[in-house]
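The block underneath contains the structure these notes are about, expressed in structure tokens.
The values are calculated or read from the model by the stated rules, or taken from the named source; none is laboratory data. Keep in mind it's a predicted model, so treat the numbers as computed, not measured. So basically every Cβ, Gly included, is an ideal-geometry build from the backbone, and we count neighbours across all protein chains shown.
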Amino acid sequence: MSSPAVLRSLQTVVPDTVLHQSEVRDVFAAQPGLSRLARRIVTASFDGSGIDTRRTVLGELTLAETDADPVFFDRTTGDLLSPGTGTRNDVYVREATRLFVAAARAALDADPEIAAADITHVVTVSCTGFHAPGPEYEIVRALGLPESVQRYHLGFMGCYASMPALRVASQFCAADPDAVVLVVSVELCTLHLRSSENPDLIVASSLFADGAAAGIVTARPSAAAGLRLDRFHTAIAPQGEKDMAWTIGDHGFEMILSTAVPQIIGETIIDALRPLYAGELEASFQDGRIGEEVRHWAIHPGGRSILDRVQDRLALSDVQLHPARETLRTHGNMSSATILFVLRRILEEEGAHHGERVSAMAFGPGLTAESALMTVVGAEGDGR
């Protein structure tokens, strides 16, 4: 029987341009044609988001002066512009490729035991743009990986997509103990922000950001710190199918994120997670003591209200929610990349020790809940 796969060498990359939430709020609230109700929704959504700063690849979204012709934001008038989906995707192709390669290279450089020639599989994740040959191809070429590397792209799955990427990577390792899988997620959500009267789009505009993350999954023996991938589970709350969705419009991709999502998650999370804890942790989960058995919680911060509902239903402490809330506060919701940011924070800044358990979960269109049970390996808890 092969050894379990381990996620290691987690690295994150963000664009240079910082968006301050209060400044972005004021821009969105000042857009011409907005009703008084829409302006109130903008203020409430941005102020209640739990976010201080976000990152974007769009340098023109800052208030700094530039000579470039405006495409997304006209500083002179203060108007948010509405470029077509093709224009937005052109920016995606250029900027996402750069971040995919940067994150992949950072993960490879961070692991002295793994060379480019060792990579057997590349799995890329993104839902904010399309092109072919795609990012998995660009990574192989840019990093000088063997042309025989198996390449896979998980596209347009939404915020939970890094979880099935880790699952499929662990399955590759179960099939081949020598497999070394490079998993890379890049999301450029800000390419699709725009002014709207629609409350769902206003909420999305208050949350989403850009970011990239990458890690290596392998069952090869190592003393490197990482996360052993023990078990995965997928669940669907079909009553939320229309409350979280991701579609393509003429002026960018359109996120449906209704205010009912936190309530639906709260109502369904116990049944959704129960199979994950079958066996050794079943009694603790049934008794509401799972937070005592599982020390670390990597919850995708889809929004502050989602984190509040998960914390309440699972009786988790403020300390256990800290990595998710801090990721949300400093980076916003970077769709599929976000859960990898939270996991990295747990490993490097939250005092994780060898042998401690980690529960990870992310939510996305469907309404789908992807969860995983992991174990810290090799870490000495220096961050505590």
Between a first residue in region 254-279 that is more than 30 Å from Leu191 (Cβ to Cβ) and a second residue that is small (Gly, Ala, Ser) and surrounded by fewer than 21 Cβ atoms within 10 Å (Cβ to Cβ), which pairs have beta carbons less than 7 Å apart while being 6 or more apart in sequence or on different chains?
-> Ala272/Ala235
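Give, as residue ranges, the strands (runs of 3 or more DSSP E) completely inside region 1-78 that count at least 2 residues that are in contact (Cβ under 8 Å) with a residue 12 or more places away in the chain, surrounded by fewer than 17 Cβ atoms within 10 Å (Cβ to Cβ) and within 22 Å of the chain's Cα centre (by Cα).
On the way: elements: 6-13, 17-20, 53-56.
Result: 17-20.
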Checked Met374, Met361 against criteria (of a type in the set (A, V, I, L, M), touching a residue at least 12 places away in the same chain (Cβ under 8 Å), more than 23 Å from Leu188 (Cα to Cα) and in a strand (DSSP E or B)); the one match is Met374
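Please work out if Thr338 is among the β-branched types (Val, Ile, Thr), surrounded by 22 or more Cβ atoms within 10 Å (Cβ to Cβ), under 23 Å from Val18 (Cβ atoms) and under 17 Å from the mean Cα position of the chain (by Cα). Steps first, please.
Working: among the β-branched types (Val, Ile, Thr): yes; surrounded by 22 or more Cβ atoms within 10 Å (Cβ to Cβ): yes; under 23 Å from Val18 (Cβ atoms): yes; under 17 Å from the mean Cα position of the chain (by Cα): yes.
When the stated conditions are applied, Thr338 passes them.
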Output the strands (runs of 3 or more DSSP E) that fall wholly within region 208-287 and possess 1 or more residues being under 30 Å from Ile114 (Cα atoms), more than 18 Å from the chain's Cα centre (by Cα) and of a type outside the set (Ser, Thr, Tyr), or say none.
-> 226-236
His296, sole failed condition from (1) touching an Asp or Glu at 6+ places or on another chain (Cβ under 7 Å); (2) surrounded by fewer than 24 Cβ atoms within 10 Å (Cβ to Cβ); (3) under 22 Å from Asp230 (Cβ atoms) | (2)
For region 299-332, enumerate the residues that are of a type in the set (D, E, K, R) and either under 24 Å from Leu229 (Cβ atoms) or touching a Phe, Trp or Tyr at 6+ places or on another chain (Cβ under 6 Å) (or both).
-> Glu326
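Residues being in contact (Cβ under 8 Å) with a residue 60 or more places away in the chain and part of a helix (DSSP H, G or I): count how many of those fall in region 306-335. Step through it out loud before you land on a result.
Looking only at region 306-335, we keep the residues that are in contact (Cβ under 8 Å) with a residue 60 or more places away in the chain, and these are 307, 325, 328-335.
Within this subset, residues satisfying the condition of being part of a helix (DSSP H, G or I) are 307, 325, 328-331, 335.
Going through region 306-335 one residue at a time, the tally reaches 7.
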Could you say whether any residue in region 97-114 is among the acidic types (Asp, Glu), loosely packed, with under 14 Cβ neighbours inside 10 Å and either modelled with pLDDT of 95 or more or not in a loop (DSSP other than H, G, I, E, B) (or both)?
-> yes
